[in-house]
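These notes are about the structure you will find just below.
Computed from the coordinates by the stated procedures, all read-outs in this text should not be read as laboratory data. This is a predicted model, so every value here is computed, not measured. Note that each Cβ is placed from the backbone with ideal geometry, even for glycine, and that neighbours are counted across all protein chains shown.
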Amino acid sequence: MAGGAASGRDDAVTDPLGYRKMVLEDLDRVMEIEHQSFTLPWSREAYEAELTKNHFAKYLVATLGDVVVGYAGMWVILDEAHITNIAIDPSVRGRQLGERLMREMMAWSMANGAERMTLEVRVSNLPAQKLYDKLGFQSYGIRKGYYTDNNEDAMIMWAEMPRADAELGME
C-alpha cells in the first residue's frame, strides 16, 4: 500500500476525514508515513511500546475512507499534553489535514483533562510553526541541538487550552 491515499484510489481524498485510536494493526501504514516524513523516524518498537506500555500515551490516526493518511500522538500527564509526533502522508499534504488532526488532538487532550499543550518543532520547519501559531501556540524557548541527525535546535511551543466554562460564557 505504498503511497497511501495515492494507492490507486484517486477518490480517496474526497472521502470525509475520520479519526480513531491507533491500534497495532495500523503500524505498517504508520511506519510508511513515518519514514516518508522524518529524517529521524521512530522505530516500530517505539510505537508498539507507546500503544501497549505507556499509560500516558494517546495516539490517533486520520483516515480518508479506509486509508490511514496521518497520525498524531501525545502524552497526557495531569493537566498537560505533550505532542510527541504528527505526520500526514506526503501525497495528501496541503489540504489542511494536519490542521484538522491537530485540532482533534487538542480536543482529545481537553477531554482527558489537559489545560495546556506543548510540543517541539524544528527551528527550520516554518510551515509547522505557522500552523501551530494559528492554533494558539507560542514560542517559549529553544532546545539547543535537540535533533540528533543534524544537531538542529527545537523551538518549544505552548498553548493554553480554552476552558469549558469560558466557551460556555460562564466566566
Apply the Karplus parameterisation 6.51 cos²θ - 1.76 cosθ + 1.60, with θ equal to phi minus 60°, to every residue of the stretch 112-123 and state each ³J(HN,Hα) to the nearest whole Hz, in sequence, with x for glycine and proline. 9, x, 6, 10, 8, 9, 10, 6, 10, 9, 4, 5
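With Cβ to Cβ distances under 13 Å as the rule, what net charge do the other residues near THR118 carry (K, R +1; D, E -1)?
-3
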Computed [θ] at 222 nm, helices only, for the chain once each DSSP H run of length n ≥ 4 contributes -39500 (n - 2.57): -8000 deg cm²/dmol
Loop-located trypsin sites (Lys or Arg not before Pro) in the stretch 14-65, at most 11 other Cβ atoms within 10 Å (DSSP): LYS53
Identify the chymotrypsin sites (Phe, Trp or Tyr not before Pro) of the stretch 14-98 meeting these criteria: DSSP loop state and at most 15 other C-beta atoms within 10 Å of the C-beta. PHE38, PHE56
Need the list of lysines near LYS58 for cross-linking: C-alpha distance under 20 angstrom, and skip anything on the same chain fewer than eight residues off. LYS21
Cα gyration tensor of the stretch 1-155, axes a ≥ b ≥ c as square roots of the eigenvalues: rounded (a/c below 1.5), prolate (a/b > b/c) or oblate? rounded
Just want to confirm a number: the relative contact order over the chain, from Cα pairs under 8 angstrom separated by 6+ residues, in percent. 17
